[in-house]
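The values are calculated or read from the model by the stated rules, or taken from the named source; none is laboratory data. Given the structure is predicted, the values throughout are model-derived calculations rather than measurements. Cβ placement follows ideal geometry from the backbone for every residue including glycine, while neighbour counts extend to all protein chains displayed.
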């Protein structure tokens, strides 16, 4: 699941992300346009994620299901 957020960032973090966890969405990306960063949520448990990660524009990520693909966070903005 990918959410792109600017004015709704707090709503997405406090309402939507917990709903995704409750529904066992295994991985959620929250693209924060205000801070130009990517928040990654993994390992849902009840209404929260056990593993969270925040990446800035200088980082990149390798997709867990497609390890041959690397995405530069700066390319998201």
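Scanning the range 1-17 for residues that are assigned to a helix (DSSP H, G or I) and touching a strand residue (DSSP E or B) at 6+ places or on another chain (Cβ under 8 Å), which turns out surrounded by the most Cβ atoms within 10 Å (Cβ to Cβ)? Per the criteria, the residue is 17. The range 18-66 holds strands (runs of 3 or more DSSP E) entirely within its bounds, and those carrying 2 or more residues that are modelled with pLDDT of 95 or more and exposed (fewer than 15 other Cβ atoms within 10 Å of the Cβ) map to 37-45, 48-55.
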